[in-house]
Amino acid sequence: MRPFRADRRGGGVHARFEAAEVEVLRRFAADAASRAEQAADGSESGAAADPAGARLLPDAYPDDAEASAEFRRFTAERIAERKADNARAVIDSLGNATGEAVEVRLDGAQAQAWLRTLTDIRLVLAAGLGIERDGDEGDVHDLESATRRAVYDWLAAVQEFLVHAVTRASRR
C-alpha cells in the first residue's frame, strides 16, 4: 500500500493498494454491509444473534429494551442502507479489475464513505476478536484469528492515513 495522500492537483486524496489488499477491502466491506442489513431486519437472526451486527447497529437505549426496539424500528433500515451504500462506494472505487494493484482517487464524499466503512469493518473484526476497548488484544489463538487481528491493525493504519490526507486536502 502507498498510503493516502492529499491530491496536489485540486483536492481529494489518493492511495495505491496492492491486489491482495484490494481483495481484503472488497471482501470485508461486503461483509460489513451484509451484517448491517441482517442486523436491521429485526428478526432473531438480526443484531441480537450476531455480536458484529450489534456493534454496527447498537441499542440506542441499552437500559431500556422497549425504547431501543422502538428506535430500531424507525431507524435501523435506513442506517443499514447507508452503511451498505458506503461499502458499495468503497468497492466501486476499487474498480472491477482482479489480481491488479489499484490507484484510488477519492473526492470528499467518497473519502467519508471510506472512513465510515473502515470503521464498520473494524467493528465487525473487533466483535469477532473480542476487542471491547482500546488496548485490548482480543482472542488471538490460531492463524485465522491472528490474520484477522493483522487486518484489524492494518485497517487502523489505512484509516489514520486517510484522516490525515483528508485533513491536509481540506486545508488547500
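Approximating the spin labels as points 7 Å out from Cα along Cα→Cβ, the D92-to-S145 distance works out to 3.8 nm. Between A33, A84, A67, the GNM of the chain built on Cα springs shorter than 10 angstrom shows A67 fluctuating the most. When the chain is treated as a Gaussian network with alpha carbon springs shorter than 10 Å, the biggest mean-square fluctuation among S68, S93, S34 belongs to S68.
Residue by residue, the stretch 141-147 carries 3J(HN,Hα) couplings of 10, 8, 4, 5, 5, 5, 5 Hz when phi is fed to the Karplus relation 6.51 cos²θ - 1.76 cosθ + 1.60 (θ = phi - 60°); x denotes Gly or Pro. The residues of the chain expose on average 57 square angstrom of accessible surface per residue, using a 1.4 Å probe on protein heavy atoms. Computed from the C-beta positions of E100 and E132 and an R0 of 35 Å, the FRET efficiency is 0.40 to the nearest 0.05.
Close amide H contacts of V104 (hydrogens built in the peptide plane, cut-off under 5 Å, sequence separation of 5 or more or a different chain): A15, R16, F17. Pairs of C-alpha atoms in the stretch 75-150 farther apart than 18 Å represent 55 percent of all such pairs.
GNM remark for the chain: springs join alpha carbons under 10 Å apart, and the peak mean-square fluctuation among R149, R78, R55 falls on R78.
Simple spin-label estimate for D31 and A156 gives 1.8 nm between the two label positions (7 Å along the Cα-to-Cβ direction from each Cα). Taking all protein chains as shown and a probe of 1.4 angstrom, T98 keeps an accessible surface of around 100 Å². About the centre of its Cα atoms, the chain shows a dipole size close to 1240 debye [charges on the beta carbon of Lys, Arg (+1) and Asp, Glu (-1) only; nearest 20 debye].
Across the stretch 122-130, rounded Karplus estimates of 3J(HN,Hα) from the backbone phi angles (6.51 cos²θ - 1.76 cosθ + 1.60, θ = phi - 60°) give 5, 5, 4, 4, 4, 4, x, 8, x Hz, Gly and Pro being marked x. First compute the accessible area of the stretch 22-144 with a 1.4 Å probe, then give the percent of it belonging to carbon and sulfur atoms. For the stretch 22-144, the apolar C and S fraction of the accessible surface comes to 48 percent. Shown here: percent of Cα pairs over 20 Å apart, derived from the displayed model; of the candidates (1) 55; (2) 69; (3) 59, it corresponds to (1). Taking the Cα-to-Cβ direction at E23 and at E81 and moving 7 Å from each Cα, how far apart do the two end points lie in nm? Placing both labels 7 Å beyond Cα along the Cβ direction yields 3.4 nm. The Cβ shell under 14 Å around V22 holds other residues with a net charge of -2, Lys and Arg each +1, Asp and Glu each -1.
Helical content alone sets the calculated 222 nm signal of the chain at -21500 deg cm²/dmol, taking -39,500 (n - 2.57) per DSSP H segment of four or more residues and averaging over every residue. Neighbours of E66 by Cβ distance under 14 Å: Lys/Arg scored +1, Asp/Glu scored -1, total -2. Projecting the Cα positions of H14, A69, G53 onto the charge dipole of the chain (unit charges on Cβ atoms of Lys, Arg, Asp and Glu, taken about the Cα centre) puts H14 furthest along the positive direction.
In order along the stretch 104-121, the phi-based Karplus estimate (6.51 cos²θ - 1.76 cosθ + 1.60, θ = phi - 60°) of 3J(HN,Hα) comes to 9, 10, 10, 7, x, 5, 5, 4, 5, 4, 4, 4, 5, 5, 4, 4, 4, 4 Hz; Gly and Pro are listed as x.
I'd like to know which of I91, V163, V24 lies farthest towards the positive end of the charge dipole of the chain, counting +1 on Cβ of Lys and Arg and -1 on Cβ of Asp and Glu. It is V163.
The values are calculated or read from the model by the stated rules, or taken from the named source; none is laboratory data. Predicted, not measured: the structure shown is a model, and the values here were computed from it. As a convention, Cβ positions derive from the backbone with ideal geometry for all residues, glycine included, and neighbour counts pool all protein chains shown. Areas reflect the complete protein model, heavy atoms only, side chains present, ligands, DNA and RNA absent. Shrake-Rupley method; radii C 1.70, N 1.55, O 1.52, S 1.80 Å.
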